[in-house]
Amino acid sequence: MSLNTFGHLFRVTTWGESHGPAIGCTVDGCPPGIPLTEADIQPWLDKRKPGQNKFTTQRKEPDEVRILSGVFEGRTTGTAIQLMIENTDQRSKDYGDIAQAFRPGHADITYHQKYGHRDYRGGGRSSARETAARVAAGGVARATLAALVPGLTITGYMVQMGARGIDRSRVDLASIGNNPFWCPDPVAATDWADYLDQLRLSHNSVGAVIEVIATGVPAGLGAPLYGKLDSDLASAMMSINAVKAVEIGDGMAAAALTGVENADEIRMGPNGPEFLSNRAGGILGGISTGQPVVCRFAVKPTSSILTPRQTINQRGEEIDLITKGRHDPCVGIRAVPVGEAMMACILLDHLMLDRAQTGSQRGTIG
């Protein structure tokens, strides 16, 4: 299998399977001299790790990251950074029933059709367990962004569970960490808890929508046509397990607007141009405007549920299948830190591309 790498100058290659001895990533292109230790990466992995409450999979993984290379005396050397996370709580026997069968909604059937040989234990390479490596890489990207662009912040949160969305008039980003859903609306979070509890007990699951916003992003990141910041963001978010749609700014809702409504008008402020709205999500023509970069993605319901589903096995026989194991009733919960990590990696990659091409030179206004 090829294509395990993303990024242009800041490049991330992930490796490992859900039930293998370890997972991890190689981060290449990180500038030298960036302060970095495991303690800088671990908090982001702690945010994503399983088993933290009844609404996530009960697989117990400490997700402790080890830096194997690329850092010396607490600073990056400019060489490849190797990160490893050991798997410690696999239950491969839970997947014996699907060794010759295809779980509906999973990549089992497509992996078999493409490769003819697959690791059926927890989905192997297609498991969401792989995203821990992305979050680790995102920790490296965040540390680098903190050194190069002080004041840049990245915040992810859930804005919809199933058909139940937040009330944006009640949004309080300070409340995100006060509930198990990373929800900025405390009222919605209480409603979601009851709703998801019912689904979980009835052996069902539900999808979600996650929003990731980056503030303090410099103007000028990205390039026209084939190097657009928004196209790379969309690709990065779509590569996350179970993601089926991505929006930048108003996204699909922009199709219902008129030109008068949609254009973000501009005035001159004391420190330069000021936009009167941000329907474009902080990106115009593939290049950042200096406004907050807003990205949103939809995650499908977890396909692994304890309700019988119709499928077939490798012999072509029709069967009913129950997917055993420990699974998230709403995988969108743990997708929040993954979305943040991908935003960090893409922003850093484009920051480095811009520095290489333009030296951060900017056109003057006023």
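Structure notes:
- A helix-only calculation puts the chain at -8000 deg cm²/dmol for mean residue ellipticity at 222 nm, using -39500 (n - 2.57) for each DSSP H run of at least four residues, averaged over all residues.
- In range of the label at Ala245: residues from region 162-182 whose backbone nitrogen is under 13 Å from the point 7 Å along Cα→Cβ: 162-164
- Between helix 229-238 and the chain there is an angle of about 10 degrees, using the helix long axis and the longest principal axis of the Cα atoms.
- Entries of Lys47/Lys244; Lys49/Lys114; Lys47/Lys114; Lys244/Lys324; Lys47/Lys300 with Cα pairs more than 26 Å apart: Lys49/Lys114; Lys47/Lys114
- Here region 232-308 and region 134-186 have alpha carbon centers that stand 15 Å from each other.
- About its Cα centre, the dipole of the chain is roughly 580 debye, where the only charges are +1 on Lys and Arg Cβ and -1 on Asp and Glu Cβ.
- Cβ-based charge dipole, the chain, positive-most Cα from Ile248, Pro150, Ala263: Ile248
- Apportionment of accessible area to carbon and sulfur, region 5-358, percent (1.4 Å): 53
- Rounded to the nearest 20, the Cβ-based charge dipole of region 238-299 about its Cα centre (Lys and Arg +1, Asp and Glu -1) stands at 200 debye.
- Only the Cβ atoms of Lys and Arg (+1) and of Asp and Glu (-1) were treated as charged; on that basis the dipole of region 151-219 about its Cα centre amounts to roughly 120 debye.
- Degrees, to the nearest 10: 186-201 long Cα axis against longest axis of the chain: 20
- Packing, taken as the mean count of other beta carbons within 10 Å per residue, orders the peptides 304-312, 150-158 from highest to lowest as 150-158, 304-312.
- Accessible surface for region 5-358, divided over its residues, is 45 Å² per residue with a 1.4 Å probe.
- Ordered from longest to shortest, the equivalent ellipsoid semi-axes for region 119-194 are 27, 23, 8 Å, each the square root of 5 times a Cα gyration tensor eigenvalue.
- Fraction in percent of alpha-carbon pairs per bin - 10 Å, region 203-356: 10, 31, 28, 16, 10, 4, 1, 0
- The chain: angle of helix 332-358 to the longest principal axis, Cα-based, in degrees nearest 10: 40
- The mean sequence distance of close C-alpha pairs (under 8 Å, at least 6 residues apart), as a share of the length of the chain, puts its relative contact order at 22 percent.
- Distribution of pairwise C-alpha distances over region 5-358, 10 Å bins, in %: 5, 24, 32, 25, 12, 2, 0, 0
- Residue among His112, Pro186, Ile346 farthest towards the positive dipole end of region 5-358, charges placed on Cβ: His112
- Relative contact order (%) - criterion: Cα under 8 Å, at least six apart; region: region 86-216: 22
The values are calculated or read from the model by the stated rules, or taken from the named source; none is laboratory data. Keep in mind that this is a model prediction, so the values were computed, not measured. Cβ sites come from the backbone with ideal geometry, for glycine too, and all protein chains shown count toward neighbours. Accessible surface areas use protein heavy atoms only, side chains included; no ligands, DNA or RNA. Shrake-Rupley method; radii C 1.70, N 1.55, O 1.52, S 1.80 Å.
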